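Structure record follows, encoded as structure tokens.
The values are calculated or read from the model by the stated rules, or taken from the named source; none is laboratory data. The shown structure was predicted, so the numbers you read here are calculated from the model rather than taken from an experiment. With ideal geometry, Cβ positions are generated from the backbone for all residues, glycine too; neighbour counts draw on all protein chains shown. The accessibility values were calculated without ligands, DNA or RNA, using every heavy atom of the protein model including side chains. Shrake-Rupley method; radii C 1.70, N 1.55, O 1.52, S 1.80 Å.
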Amino acid sequence: MSRRQKKDLLRIAAAAVLFLAGLLIPGETARLILFLLAYLTVGLDVLREAGEGILHGQLFDENFLMSIATLGAMVVGEYPEAVAVMLLYHVGELFQSYAVGKSRASIASLMDIRPETAAVERNGSVIDVDPEEVAVDEVFVLKAGDRVPLDGVVIEGTSALNTAALTGESMPRDVAPGDEVISGCINQTGLLRVRATKLYTDSTVARILDLVENASDKKAKVETFITRFARVYTPAVCGAALLLFLVPSLFMDGRWADWGMRALSFLVVSCPCALVISVPLSFFGGVGGAGKRGILVKGSNYLEALAKADIVVFDKTGTLTRGVFHVTVVHPDQISEEELLRIAATVENASDHPIGRSICAGYHGSLALEQLSDVCELPGQGMSAVLDGETVSVGNEKLMRSLGVELPDCPHAGTVVHVARGGVYLGHIVISDQIKEGAEEAVSALKREGVRKTVILTGDSQAVAQEVAAKLGVDEAHAQLLPAQKVEQVERLLNEKRPGGTLVFAGDGINDAPVLTRADVGVAMGALGSDAAVEAADVVLMDDDPRKLATAIRISRRTLAITRQSIVFALTVKLLVLALVAVGAANMWWAVFADVGVSVLAILNAMRALRVDGL
Amino acid sequence: MKKVFKLRDLDCANCAAKMEAAIQKIHGVESATVNFMTQKLTIEAADSDFEQVLSEAERAIRRVEPGCALIK
């Protein structure tokens, strides 16, 4: 609690004691004095601010409404009501300020990744300085348990880094000299010497904190709607209060005091606080909670748009697949798989081509390179060499045809590498990208969340795209697209989406900036450390797990649901109480509940948005 | 020019909304956001008008919530 809040609490307690004493004490005069004292203890500030408000032309502010309602109640002679309304109004305000402060603090601790100091090597000794004072290319030291203060490159030592605070991923990441380290991670085991590659303000941790903190600057539509609504609601209820007072007292029974109390109760209910506060508070919690799970949402509006995801478009390579090529199938003719791989790897050993490298990586035995001679690279076709006295050719269909070798059909998608020895076909090896772990689950989770359509857009071949789409259960796949054609596809899909729905594009952030911007929500995956992707995207998944997309949608849905609950609940109670007050079935106590009570409940509900574990 | 200011003792969400509306109406303001949760005001205005805009914004803030102050 801040000092101001403590002062408020003391004042409320004092007023409460005076009020209770007033209720219990016999004797009219003594009661009146106690009530007045209690009223002034809590109400003086409100009256003063109401006065200032009137001078500034702020007619419908809360202080003004509360002052009129309570002063009116005293004129009518309802002293306990007047004091109670003022007292409870203060309790509500205090609770609100406490809850908001609490929520701010818990987001700060959720995102507790800010490094306190950096141990920099300067003039032969290690000194602790503020991370902001470290220059690029300075060297800092990380002991076990230290938080990485700036982005950098390891120059000495090996260790495991805990990236959980950034990515929500609990598997430690191993680092050795030459590897990049990202600020905000925790060094778990060894001693590391790291050369800073960025200033603190450009480092990952500073940028993440900035993003999460300022996400609520970009307001959700529902928030704008509610603040507009509040601007109409308060004057409308006040107008209704005036009519409720004047019409029946002038033209019907003339019971001024009774209708006056009802009208004053209206004023108490007319405060829009519960409505207005629940929206930003929920979104703040939702964005903070998502951050905790390694999902950076750059604005409340994007969180809102995610909740309405109707079509999800994926880039393939690096998003649903690993983007790393591996030997996936070995189809030998006459010889063993091992033998085929060994022959291919021996010949490709000299090659720098990615395909050659992945074949070598796929063979784990030892190579007899001394048997190899006359190695020759045939650009666009493959390699040939003499191995154990016979000519071996390793390459594509074109190469085989030029040698006059018969080829069988291969049903597998991917790049097919054929092997022939002395003009005899030995078999083929299929190299392909591998589907990411969890990709299938990611797609089915999206379907469960009500995403109507999933689409793959890729620059890769049709066969590969179809195979991946079929394996993962993706509805559509469009292949061999240039970046501009991807944008065209996204525009076509934007026209197909359901009214009110949104199109989400998820890519690895490389070369897809135009699509990320064109989609309603652009999601960059595995973007840890990639500045361009963080810049272009609306939502950033810190690790490259595609399942996080469904998590993000679940968090956004729940945040929106909480917001809706609070709005519907607050409005229902308020309207109900207004109706009951109008017909005389409820008194000012109910009105206080409809104002303060509803605010408190709406705030408590909004704070649930922060808890995202298990989503 | 776009600048961010801290608002001290911004206690009421409805007041934040009112401030935002009032500041957006100030002549010369290109965009203005009052963020209740982070207690920050972001103003975008032309460099030449900025001083003028800022002092009017301060007045608007005082009008809506007398206890709230802009920290430069």
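Residue-wise HN-Hα couplings along segment A:119-134, as the Karplus relation 6.51 cos²θ - 1.76 cosθ + 1.60 with θ = phi - 60° gives them from phi, are 8, 9, 7, 9, 6, x, 10, 9, 10, 7, 10, 5, x, 5, 8, 8 Hz; Gly and Pro carry x. Taking 7 Å steps out from each Cα toward its Cβ at A:L59 and B:E44 produces label points 3.4 nm apart. Taking all protein chains as they are arranged and a probe of 1.4 Å, the heavy atoms of A:M542 leave approximately 10 Å² accessible to solvent. The 3J(HN,Hα) values that the Karplus relation (6.51, -1.76, 1.60; θ = phi - 60°) gives for segment A:460-470 are, in residue order, 6, 6, 4, 4, 5, 4, 4, 5, 5, 4, 5 Hz. Gly and Pro appear as x. Between A:D409 and A:S461, residue separation times 0.36 nm minus the direct Cα-Cα distance comes to 17.0 nm. Rolling a 1.4 Å probe across all protein chains gives A:C185 an accessible area of roughly 0 Å².
Near B:E65: Cβ cut-off under 11 Å, other residues only, Lys/Arg at +1 and Asp/Glu at -1. The net charge is -2. Taking every residue in B:16-23 and counting other chain Cβ atoms within 10 Å of its Cβ, the average works out to 4.
Between A:L482 and A:R564, the FRET efficiency estimated from the beta carbon spacing at R0 = 45 angstrom works out to 0.60. Taking the DSSP bridge list for the protein assembly as shown and keeping only pairs wholly inside it, about 75 percent are antiparallel. In terms of accessible area, using a 1.4 Å probe and ignoring ligands and nucleic acids, A:H478, A:H428 rank largest first as A:H478, A:H428. Relative to the current alpha-carbon distance between A:E133 and A:W256, full extension at 0.36 nm per residue lengthens the span by 37.2 nm. The relative contact order of chain A comes to 14 percent, based on Cα pairs under 8 Å that sit 6 or more residues apart. Each label was represented as a point 7 Å from its Cα along the Cα-to-Cβ direction; for B:A21 and A:K102 these points are 3.0 nm apart. For segment A:382-504, the carbon plus sulfur part of the accessible surface works out to 47%, probe radius 1.4 Å.
Contact with the other protein chains removes 50 Å² or more of accessible area, compared with the isolated chain and a 1.4 Å probe, from these residues of segment A:39-66: A:H56, A:Q58. For chain A, the longest principal axis of the alpha carbon atoms and the long axis of helix A:337-348 meet at an angle near 80°. Take the Cα of A:A532, step 7 Å along the line toward its Cβ, and report every residue of segment A:494-515 whose backbone nitrogen sits under 16 Å from that point. In segment A:494-515, the label zone of A:A532 (backbone N under 16 Å from the point 7 Å along Cα→Cβ) covers A:507-515.
If you plug the beta carbon distance of A:V153 and A:H364 into 1/(1 + (r/R0)^6) with R0 = 35 Å, you get a FRET efficiency near 0.70. What residues of segment B:1-24 lie in the reach of a label at B:I71, counting those whose backbone N is under 14 Å from a point 7 Å from the Cα along Cα→Cβ? Flagged as within label range: B:4-11. Sorted largest first by accessible area at a 1.4 angstrom probe radius, with every protein chain in place, the residues A:F266, A:F245, A:F64 fall in the order A:F245, A:F64, A:F266. Ranking of A:V568, A:V222 by solvent-accessible surface, largest first: A:V568, A:V222 (1.4 Å probe, protein heavy atoms only, all chains present). Along segment A:171-187 the Karplus relation, 6.51 cos²θ - 1.76 cosθ + 1.60 evaluated at θ = phi - 60°, assigns HN-Hα couplings of 5, x, 9, 7, 10, 9, x, x, 7, 7, 10, 10, 4, x, 6, 10, 6 Hz to successive residues, with x for each Gly and Pro. Mind checking which of B:L7, B:T42, B:A21 is farthest towards the positive end of segment B:2-71's charge dipole, using Cβ charges of +1 (Lys, Arg) and -1 (Asp, Glu) about the Cα centre? Looking along the dipole axis, the top candidate is B:L7.
Take each residue of peptide A:215-223, count the partner chain Cβ atoms within 10 Å of its Cβ, and average: the result is 3. Once backbone amide H atoms are built at 1.01 Å from N, A:L378 has A:M383, A:S384 as its partners under 5 Å, excluding neighbours fewer than 5 places away on the same chain. In plain terms, the chain from A:L571 to A:L242 could stretch by 116.4 nm, reckoned as 0.36 nm per residue minus the Cα-Cα distance. Annotation: amide H-H contacts under 5 Å for B:A69 (H modelled 1.01 Å from N, sequence separation of 5 or more, or interchain): B:R8.
Heavy-atom accessible surface of A:E52, to the nearest 10 Å², is about 60 Å², with a 1.4 Å probe and all protein chains retained. Remark: the Cα gyration tensor places segment A:323-434 in the rounded category, a/c being less than 1.5.
Can you tell me which of A:322-330, A:84-92, A:390-398, A:558-566 comes out highest on packing, and rank the rest after it, using the mean Cβ neighbours within 10 Å?
Going from most to least packed, we get A:84-92, A:558-566, A:390-398, A:322-330.
Compared with the dominant Cα axis of chain A, that is its longest principal axis, helix A:79-110 is turned about 20°.
Can you tell me the FRET efficiency between A:Q334 and A:Q434 if r is taken as the Cβ-Cβ distance and R0 is 35 Å, rounded to the nearest 0.05?
That pair, A:Q334 with A:Q434, gives E of 0.80.
Dividing the summed helix terms, -39500 (n - 2.57) for each DSSP H run of n ≥ 4, by the number of residues in chain A produces a 222 nm estimate of -16500 deg cm²/dmol to the nearest 500.
Note on B:6-13: average number of Cβ atoms from other chains within 10 Å of each residue's Cβ is 5.
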